[in-house]
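So the structure is just underneath, and the comments pick up after that.
What follows draws every value from the coordinates through simple rules; no lab data is involved. This structure is a prediction, so every number in the text was calculated from the model and none was measured. FYI the Cβ positions are ideal-geometry reconstructions off the backbone, even for glycines, and counts take in every protein chain you see.
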Amino acid sequence: MTVATVYDINKKKVGEVDLQDVVFGVEVNPALLHQMVVTHLSNVRQGTVKTKTRAEVKGGGKKPYRQKGTGRARHGSIRSPIFVGGGVTFGPQPRNWDIELPKKQKKTAFKMALTQKNKDGNLFILDQFVSKDGKTKAMAKSLSTWDSKSIVVCSQKTDQKTIRSVRNIPNVKIISEKNLSAFDVIKHEHLLLTKDAINTLVSRVNQ
């Protein structure tokens, strides 16, 4: 067990909590974390870009000029790739960029990401993360005390006022413990994890 300090939203100490080593103290494999990041970035690619080949461009059915006697090169269609308005040679076509990562590797990478964040001193436990008035100004002032370039907040319970207070703050993301991924943990400098989300995360990765 690792004992972690519990803070309020203004970074004032309010208590302590135990973090299980099976989730927050595992051995980190950088190669697996890299593979997980590459997989995530590949899976979010749309793959919808498309260019037309010479067979798909409209027109060009007639030979533009006679074969011999003009002194020009021989051409059979103005939709050849060398003409302006012609088709594209070896252009991008729609494709699926998805990469499958085994479930065990996903869970292991998630544990490693949490462990690395904890070792770096960028994992903080909050007693709760709630905005009473839903005002962005008040929330931004509270989060500025963490002196972070980017923050991801993981909370089990998120009400609409709290979500509204965060959504317009640059480089701050609030997410439920069910949707938190290893990529979110790695991407953001600081991870703020509420006490009520710890047990859910532990049970999620140990299923």
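Computed quantities for the displayed model
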{"item": "For the chain: relative contact order, % (alpha-carbon pairs under 8 angstrom, 6 or more apart)", "result": "24 percent"}
{"item": "Of LEU101, GLY91, ASN118, farthest towards positive along the dipole that unit charges on Lys, Arg, Asp, Glu beta carbons give the stretch 62-128", "result": "GLY91"}
{"item": "Given 12 as the ceiling on other Cβ atoms within 10 Å, longest exposed-site-free region of the chain for GluC sites (Glu not before Pro) in DSSP loops", "result": "101-207"}
{"item": "Point-charge dipole on Cβ atoms (K/R +1, D/E -1) for the chain, about Cα centre, debye to 20", "result": "2060 debye"}
{"item": "Dipole in debye (nearest 20) - the stretch 73-180, about Cα centre, beta carbon charges: Lys, Arg +1; Asp, Glu -1", "result": "140 debye"}
{"item": "Kirkwood-Stokes translational diffusion coefficient of the chain, alpha-carbon pairs, 25 °C, 0.890 mPa s, µm²/s", "result": "118 µm²/s"}
{"item": "Nearest-ten-degree value, helix 103-119 long axis tilted from longest Cα axis of the chain", "result": "60 degrees"}
{"item": "Among the listed pairs LYS111/LYS187; LYS106/LYS149; LYS104/LYS195; LYS13/LYS195, those beyond 23 Å (Cα-Cα)", "result": "LYS106/LYS149; LYS104/LYS195"}
{"item": "Hits among aspartates and glutamates - C-alpha to C-alpha of LYS141 under 19 Å, sequence gap 8 or more where chains match", "result": "ASP8, ASP127, ASP133, GLU189"}
{"item": "Degrees separating the helix 30-43 axis from the principal Cα axis of the chain, which is the longest one", "result": "50 degrees"}
{"item": "Gyration tensor (Cα) of the stretch 66-116, equivalent ellipsoid semi-axes in angstrom", "result": "57, 10, 7"}
{"item": "Nearby aspartates and glutamates by direct alpha-carbon distance to LYS68 (threshold 17 angstrom, same-chain neighbours under 8 apart not counted)", "result": "none"}
{"item": "Sequence-distant lysines (8 or more away, or on other chains) whose Cα lies within less than 24 Å of LYS50", "result": "LYS58"}
